[in-house]
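S.K.: Structure below; questions to follow.
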Amino acid sequence: MNEETKIPLPQDIDPLKGVYHESIVDHPGHLRNLAKRDTALLVIDMQFLDAARGHGVFSEDFANDVSSAAQNYYFDSLEKTVIPNIRRLQNGFRNNGLEVIHTRIQSLTQDGRDRGAGHKRLHILAPPGSKEAEFLPQVAPVGDEIVINKTSSGVFSTTNLYYVLKNLGIDALFVVGVYTNECVDTTVRAACDLGFLVTLVGDACTTVTPSLHDATIATLRDRYARVIDTQQAVEEIDRCVPKPAEPRLAVSDPV
């Protein structure tokens, strides 16, 4: 038997893929919630602390913890792909009257004494008003878009985001941001457990190595979220969402 006709071993087959596909990926609620405007874009941690060269965890104090190769990969993927894709998605949501919600790591106090034990051990601190807590200007909030501050990886366990989403009537989320294998992953899993239909936009998130990104996407796919790319997401929004009388403000792409 040659390699092309090799029969997959039982351990190579996902026996639950069909069930999860029906319940997660192919669920009609994805498009129905778009049509009802019950879907929000959740942009995770696009701030100077963890998404800007020379700042926060990429400053001189932390630089030795991340290899130059990992930093180059991370920032190349951010600047060339992820930031433009997030911006495109934000404009698509805004133009169609859909909510854009931002999370960021920010403590309540200047010395960070309110942070969780994990962030204290990691020396992660973004006080109010600091550069580290500032959003990247290309994908920053516009108008009165909601900002949720956190001092943890996942946003649901330590904030009132679930309460806010329920008040808004949101039943589905498109999730983008950084890092794929940390804050994005934790948030997607929790959102699914809480009953939201989750769409992870794979080319609008990244992390410090391609293997970590790919492994996380592979784990989340068909279990906790459907995974699509930015082009498919934009096409779905344009096709499914009735145009509002007054779209939210969209930000022009840089020349």
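The values are calculated or read from the model by the stated rules, or taken from the named source; none is laboratory data. In this text the structure is predicted, and so the values were computed from the model without any measurement. Methodologically, a virtual Cβ is constructed for each residue, glycine included, from the backbone with ideal geometry; neighbour enumeration extends over all protein chains shown.
S.K.: Hey, among Leu194, Leu200, which residue is buried (at least 18 other Cβ atoms within 10 Å of the Cβ) and of a type outside the set (Phe, Trp, Tyr)? Outline the logic, then answer.
M.R.: Values: Leu194 fails: buried (at least 18 other Cβ atoms within 10 Å of the Cβ).
Result: Leu200 is the single residue among Leu194, Leu200 that is buried (at least 18 other Cβ atoms within 10 Å of the Cβ) and of a type outside the set (Phe, Trp, Tyr).
S.K.: Let me ask something else. Of all residues in segment 178-223, how many are within 17 Å of Ile86 (Cα to Cα) and of a type in the set (Gly, Ala, Ser)?
M.R.: 2
S.K.: Here is a check on your reading of the model: is Val147 surrounded by 14 or more Cβ atoms within 10 Å (Cβ to Cβ) and closer than 22 Å to Asp26 by Cα?
M.R.: Details: surrounded by 14 or more Cβ atoms within 10 Å (Cβ to Cβ): yes; closer than 22 Å to Asp26 by Cα: no.
Against the criterion (surrounded by 14 or more Cβ atoms within 10 Å (Cβ to Cβ) and closer than 22 Å to Asp26 by Cα), Val147 does not qualify.
S.K.: Would you mind finding the one in Ile105, Ile101 that is surrounded by 16 or more Cβ atoms within 10 Å (Cβ to Cβ) and under 24 Å from Val227 (Cα atoms)?
M.R.: Sole residue among the options that is surrounded by 16 or more Cβ atoms within 10 Å (Cβ to Cβ) and under 24 Å from Val227 (Cα atoms): Ile101.
S.K.: Quickly run through segment 222-248 and pick out the residues that are without any contact (Cβ under 8 Å) to a residue 12 or more places away in the chain and under 17 Å from Phe174 (Cβ atoms). Spell out the reasoning first.
M.R.: Residues of segment 222-248 without any contact (Cβ under 8 Å) to a residue 12 or more places away in the chain: 231-232, 235, 239, 245.
Answer for segment 222-248, where residues must be without any contact (Cβ under 8 Å) to a residue 12 or more places away in the chain and under 17 Å from Phe174 (Cβ atoms): Gln231, Gln232, Glu235, Arg239.
S.K.: Looking only at residues in segment 108-136 that are loosely packed, with under 14 Cβ neighbours inside 10 Å and of a type in the set (Asp, Glu), which one is farthest from the chain's Cα centre (by Cα)?
M.R.: Filtering segment 108-136 for residues that are loosely packed, with under 14 Cβ neighbours inside 10 Å and of a type in the set (Asp, Glu), the one farthest from the chain's Cα centre (by Cα) comes out as Asp111.
S.K.: Tell me, yes or no, whether segment 51-73 has at least one residue that is at pLDDT 95 or above, of a type outside the set (Val, Ile, Thr) and over 25 Å from Asp229 (Cα atoms).
M.R.: no
S.K.: Checking the condition in contact (Cβ under 8 Å) with a residue 40 or more places away in the chain, touching a helix residue (DSSP H, G or I) at 6+ places or on another chain (Cβ under 6 Å) and surrounded by fewer than 24 Cβ atoms within 10 Å (Cβ to Cβ), which residue from Ala52, Ala35 passes?
M.R.: Result of the check over Ala52, Ala35: Ala35.
S.K.: Considering segment 210-219 alone, what residues qualify as being within 12 Å of Glu182 (Cα to Cα) and either modelled with pLDDT under 95 or in contact with a strand residue (DSSP E or B) (Cβ under 7 Å, 6 or more places away or on another chain) (or both)?
M.R.: Passing the criteria: His213, Ile217.
S.K.: Please work out if Phe156 is surrounded by fewer than 24 Cβ atoms within 10 Å (Cβ to Cβ), closer than 13 Å to Leu42 by Cα and at pLDDT 95 or above.
M.R.: Values: surrounded by fewer than 24 Cβ atoms within 10 Å (Cβ to Cβ): yes; closer than 13 Å to Leu42 by Cα: yes; at pLDDT 95 or above: yes.
Yes, satisfied.
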